[in-house]
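Engineer: Can you keep this structure in mind? I'll have questions shortly.
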Amino acid sequence: MAARDTASLLVGLVVLLHTWGAWAKLEVNMEDRVEVFRGNTTQITCMFTSDQDISNISIYWFYVARLDARQLIYHQVANLASVTQDTPFTDRITVNSTGTPGQVVLTVSSVKLEDELEFICRIRSSDEYEEGRTKLKVFETPDRPTIAGVQTVISVNENKPSKIGSCKVKNGYPKPNITWYRNNTPLHAAQDGVKLEYSTTTESSLLLSVTSVLNKKVEKEDKDAKFYCEVSYFVPGGTRMTETSRINITVQYPSTTIDVRVAPPKDKIKEGDSIELNCYGDGNTPLLCSIHKHNETNDSWDTAPAVLNNVTRHNSGVYECTCTDVETADEISGKTVVIVNYLDAPKVKSKHLIVSQGEEVEATCNASSSLDTSTTWFNVTHTNKVEVSKGDTLRLENATFDTAGTYMCVVTVPEIEGMETSGTLLVNVKGPPEIMEKEKTVMEVNFKETVNLKCHVRGFPVPSVTWTTLDGKVLNTTSEKVSEEGIESMASVTVTSDITAFCNASNEYGTQAVAVIFSINTKGSGVIIAVLIICILLLAILGSVLYFLYKKGKICGRSGKQNITKEKSNKDNIVVEMKSDNTEEAVLLGVNGEKQPTSDQ
């Protein structure tokens, strides 16, 4: 029993020693991969542990060339370090400690695509060594991708997929991926009618360029589709994506339906319009179309469009387009209904109404139309148009001469601008004449002045108008105008003395007269007489002055009473009475101082 226990103890001791030996082994740890952009600097860390003094270990760095051949690029034994000469990394690597025991870092600057290799860190102690491996991955962001669509027309009748376009992305690393999209939906080669072609080019820089061509069996719906490419590429720590611009293609597809359209487009067509009927297919292949109308005459047009000028309600009906597809020779057709709206001339009940004063005026206006109408009545004169009422019926109470005149009913179609018609109604109000001018008592005129007389008379029947004077003389009527407002009569008279003229109007209901008194203006004659008297007085004063000068001897060098004999003047003598200073004898002298006989005094 004791021997058996001793054996078990020895076995356990051996196992313990073996386990302790395993714990004491040298270990090296490294990252599986390190990623870096081309041209940047990267660091590869080598971490190790050992039960021995790590200051006595040796460090070796290798890279694995093609065919798994190792190439030493650095080694450090004790405190002596050396970079291997004539390798791709000779001038671009350094090895440093991080300051943490058991860590060394290989730094590679200006990383190239060719540096995408596996790097080995070997740690050697006195009696053993261990290695760790890290793969260096190098990346380059590609240029912005481009897309080019085909410029030719693609028919839906093609039996095989047609080229839609091509996408290209250049100078990326690793190889970028291209995915085609149609309206945000990715396209795959496994889809029916889709064929994708890819090609990769290695540039002189070792960067990769990828081209993809999309081929697809086009459908009618592709005419509005947007095609584009999405490019995904790798970067350190992940992936990124970018998109091209959108393109569309020109798809040729046959028509399956025909639409008959009216031009110019209108909600409603009215009589008098000119329209054009044309045929439009929902495809874009050429069509040969003819048009015919479904009626008893079977109106037809061999080629579209059909032009209808100044349409009437008889142009309403069903019109059909029959078209032949030039590409497929298929025949298709379409129909439309044309409605031409109409508005007939209104029927005015009692176009001429004659009523007595005080009676009611009532008339109706109705117009036949294919649409709802609106009626408005207006009172129309030579100068304006005044709205009277709305509705079909015109009703005027207590008629007077002011009620008489022309009334117009205007019928419109609110749904169609400019569609209207009108009718007229003449209203006459029976009654005795009414002269519109007021009586004028006195009008001053000049002698022999010709005066125009005017008289406007209302009444129905239309009054007869004459012009007379107070003494019964009939004046000539120069003009006479009869209108809806009444009669306008004009006469003229030359005034040689005060005169009274009468405008006389009469009809079967009575008479009326208005007088106009003309008086000759005498103020001008009085002024002339006054001027003559003043002139005579001035001449008399002049004669007196001359006589006075004569008596004083201021004339001919003499004083006192003188007898002056002169040759008689041919002019008329103006006589004034003069008296001598020494006698009471009255002497009559002419202007020239000539003595006159007493009998002439």
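Engineer: Count, please, the residues in the range 29-42 that happen to be open to solvent by less than 90 Å² (accessible area, probe 1.4 Å) and either part of a strand (DSSP E or B) or among the aromatic types (F, W, Y) (or both). Let's see the steps before the verdict.
Structural biologist: Taking the range 29-42 as the starting set, the residues that turn out to be open to solvent by less than 90 Å² (accessible area, probe 1.4 Å) are 29-30, 34-37, 39-42.
Now drop any that are not either part of a strand (DSSP E or B) or among the aromatic types (F, W, Y) (or both), which leaves 29, 34-37, 42.
Counting residues in the range 29-42 that are open to solvent by less than 90 Å² (accessible area, probe 1.4 Å) and either part of a strand (DSSP E or B) or among the aromatic types (F, W, Y) (or both) gives 6.
Engineer: What is the one condition in (1) open to solvent by less than 70 Å² (accessible area, probe 1.4 Å); (2) more than 15 Å from G102 (Cβ to Cβ); (3) modelled with pLDDT under 95 that L26 does not satisfy?
Structural biologist: Looking at each condition in turn, L26 falls short on (2).
Engineer: Still on this structure, please answer the following. Where residues in the range 156-188 are part of a loop (DSSP other than H, G, I, E, B) and either in contact with a helix residue (DSSP H, G or I) (Cβ under 9 Å, 6 or more places away or on another chain) or not assigned by the TED database to the domain that holds Y228 (or both), which of them is most open to solvent (accessible area, probe 1.4 Å)? Explain how you work it out, then say what you get.
Structural biologist: The first filter runs over the range 156-188 and keeps only residues part of a loop (DSSP other than H, G, I, E, B), leaving 156-161, 174-176, 183-184, 188.
Those left that are additionally either in contact with a helix residue (DSSP H, G or I) (Cβ under 9 Å, 6 or more places away or on another chain) or not assigned by the TED database to the domain that holds Y228 (or both): 156, 183.
Values: V156: 29, N183: 70 Å².
Residue satisfying both the conditions and the ranking: N183.
Engineer: Among residues belonging to the range 245-285 that are touching an Asp or Glu at 6+ places or on another chain (Cβ under 6 Å) and buried (at least 20 other Cβ atoms within 10 Å of the Cβ), point out the one that is nearest to V307 (Cα to Cα).
Structural biologist: Looking at residues that are touching an Asp or Glu at 6+ places or on another chain (Cβ under 6 Å) and buried (at least 20 other Cβ atoms within 10 Å of the Cβ), I get S255.
Engineer: Please find, within the range 517-547, the residue that is modelled with the highest pLDDT out of those that are under 30 Å from V451 (Cβ atoms) and hydroxyl-bearing (S, T, Y).
Structural biologist: For the range 517-547, the residue satisfying everything is S519.
Engineer: Considering only the range 286-304, how many residues are part of a loop (DSSP other than H, G, I, E, B) and buried (at least 18 other Cβ atoms within 10 Å of the Cβ)? Working first, answer last.
Structural biologist: Filtering the range 286-304 down to residues part of a loop (DSSP other than H, G, I, E, B) leaves 286, 295-299, 302-304.
Checking which are buried (at least 18 other Cβ atoms within 10 Å of the Cβ) leaves us with 304.
Here the count works out to 1.
Engineer: How many of the residues in the range 189-200 are part of a strand (DSSP E or B) and surrounded by fewer than 12 Cβ atoms within 10 Å (Cβ to Cβ)?
Structural biologist: Here is the first cut: in the range 189-200, the ones part of a strand (DSSP E or B) are 194-200.
Filter again for surrounded by fewer than 12 Cβ atoms within 10 Å (Cβ to Cβ), leaving 199-200.
Matching residues across the range 189-200 total 2.
Engineer: With the structure loaded, tell me whether S209 is within 30 Å of R38 (Cα to Cα) and either part of a loop (DSSP other than H, G, I, E, B) or assigned by the TED database to the domain that holds G334 (or both) or whether it fails that test. Walk me through it before giving the result.
Structural biologist: Details: within 30 Å of R38 (Cα to Cα): yes; either part of a loop (DSSP other than H, G, I, E, B) or assigned by the TED database to the domain that holds G334 (or both): no.
So S209 does not fit the description; no.
Engineer: Given the residues Y74, Y129, which is the only one that is more than 60 Å from the chain's Cα centre (by Cα), surrounded by 15 or more Cβ atoms within 10 Å (Cβ to Cβ) and of a type in the set (F, W, Y)? Write out each step before concluding.
Structural biologist: Values: Y129 fails: surrounded by 15 or more Cβ atoms within 10 Å (Cβ to Cβ).
From the options Y74, Y129, the qualifying one is Y74.
Engineer: When residues of the range 206-242 are filtered for being acidic (D, E) and either surrounded by fewer than 15 Cβ atoms within 10 Å (Cβ to Cβ) or farther than 24 Å from G193 by Cβ (or both), how many remain? Steps first, please.
Structural biologist: So the first thing to find is which residues in the range 206-242 are acidic (D, E), and the list is 219, 221-222, 224, 230.
From what is left, the residues that are either surrounded by fewer than 15 Cβ atoms within 10 Å (Cβ to Cβ) or farther than 24 Å from G193 by Cβ (or both) are 219, 221, 224.
Final tally of qualifying residues: 3.
Engineer: Going by what's in this entry, would Q85 be described as open to solvent by 60 Å² or more (accessible area, probe 1.4 Å), free of Cβ contacts under 8 Å to residues at least 40 places away in the same chain and not in a strand (DSSP E or B)?
Structural biologist: Criteria met by Q85.
Engineer: Conditions first: (1) more than 42 Å from the chain's Cα centre (by Cα); (2) assigned by the TED database to the domain that holds N295; (3) open to solvent by 60 Å² or more (accessible area, probe 1.4 Å). E331 passes all but one, so which condition is the exception?
Structural biologist: Result: E331 passes all but (1).
Engineer: Please tell me if I555 is surrounded by 11 or more Cβ atoms within 10 Å (Cβ to Cβ), farther than 29 Å from T403 by Cα, at pLDDT below 85 and not charged (D, E, K, R). Reasoning before the result, please.
Structural biologist: Numbers: surrounded by 11 or more Cβ atoms within 10 Å (Cβ to Cβ): yes; farther than 29 Å from T403 by Cα: yes; at pLDDT below 85: yes; not charged (D, E, K, R): yes.
Taking the combined requirement at face value, the residue satisfies it.
Engineer: Failed condition for E118, given (1) open to solvent by 50 Å² or more (accessible area, probe 1.4 Å); (2) among the acidic types (D, E); (3) in contact (Cβ under 8 Å) with a residue 24 or more places away in the chain, with all others met?
Structural biologist: Only one criterion in (1) open to solvent by 50 Å² or more (accessible area, probe 1.4 Å); (2) among the acidic types (D, E); (3) in contact (Cβ under 8 Å) with a residue 24 or more places away in the chain is unmet by E118, namely (1).
Engineer: Under 7 Å between Cβ atoms, at least 6 apart or on separate chains: pull out the pairs that start in the range 344-364 with a residue that is open to solvent by less than 30 Å² (accessible area, probe 1.4 Å) and end on any residue that is not in a strand (DSSP E or B).
Structural biologist: P346/A367; V355/A399; V361/A399; V361/T403; A363/K349; A363/S350
Engineer: What number of residues within the range 481-525 satisfy the criterion of being among the aromatic types (F, W, Y) and more than 24 Å from N446 (Cβ to Cβ)? Talk me through it step by step, then tell me what you get.
Structural biologist: Let us first name the residues in the range 481-525 that are among the aromatic types (F, W, Y), namely 502, 509, 518.
Adding the requirement that they be more than 24 Å from N446 (Cβ to Cβ) leaves 509.
Total meeting the criteria: 1.
Engineer: Among the acidic types (D, E), within 30 Å of Y342 (Cα to Cα) and either open to solvent by 50 Å² or more (accessible area, probe 1.4 Å) or not assigned by the TED database to the domain that holds T312 (or both) - does that describe any residue in the range 454-474? Steps first, answer last, please.
Structural biologist: First, pick out the residues of the range 454-474 that are among the acidic types (D, E): 471.
Filter again for within 30 Å of Y342 (Cα to Cα), leaving none.
Looking through the range 454-474, none of the residues is among the acidic types (D, E), within 30 Å of Y342 (Cα to Cα) and either open to solvent by 50 Å² or more (accessible area, probe 1.4 Å) or not assigned by the TED database to the domain that holds T312 (or both).
Engineer: Looking at the structure I just gave you, is T412 of a type in the set (S, T, N, Q), open to solvent by 30 Å² or more (accessible area, probe 1.4 Å), touching a residue at least 24 places away in the same chain (Cβ under 8 Å) and closer than 30 Å to D273 by Cβ?
Structural biologist: Values: of a type in the set (S, T, N, Q): yes; open to solvent by 30 Å² or more (accessible area, probe 1.4 Å): yes; touching a residue at least 24 places away in the same chain (Cβ under 8 Å): yes; closer than 30 Å to D273 by Cβ: yes.
Criteria met by T412.
Engineer: Could you look through the range 359-400, keep only residues that are of a type in the set (G, A, S) and over 36 Å from the mean Cα position of the chain (by Cα), and pick out the one that is nearest to I339 (Cα to Cα)? If you could, list the steps in order and put the result at the bottom.
Structural biologist: Our first condition is that a residue be of a type in the set (G, A, S); within the range 359-400, this holds for 363, 367-370, 374, 389, 391, 399.
Restricting the remaining residues to those that are over 36 Å from the mean Cα position of the chain (by Cα) gives 363, 367-368, 389, 391, 399.
On the way: A363: 32, A367: 19, S368: 16, S389: 32, G391: 27, A399: 45 Å.
Checked the range 359-400; the qualifying residue nearest to I339 (Cα to Cα) is S368.
Engineer: Pick from E114, E131: which is closer than 18 Å to M47 by Cα and of a type outside the set (K, R)? Outline the logic, then answer.
Structural biologist: Working: E114 fails: closer than 18 Å to M47 by Cα.
Within the list E114, E131, the selection yields E131.
The values are calculated or read from the model by the stated rules, or taken from the named source; none is laboratory data. Every value quoted in this text rests on a predicted model; they were computed, and no experiment measured them. Note that we place each Cβ from the backbone using ideal geometry, even for glycine, and neighbour counts take in every protein chain shown. Please note that ligands, DNA and RNA were not included when accessible areas were found on the heavy atoms of the full protein model with its side chains. Shrake-Rupley method; radii C 1.70, N 1.55, O 1.52, S 1.80 Å.
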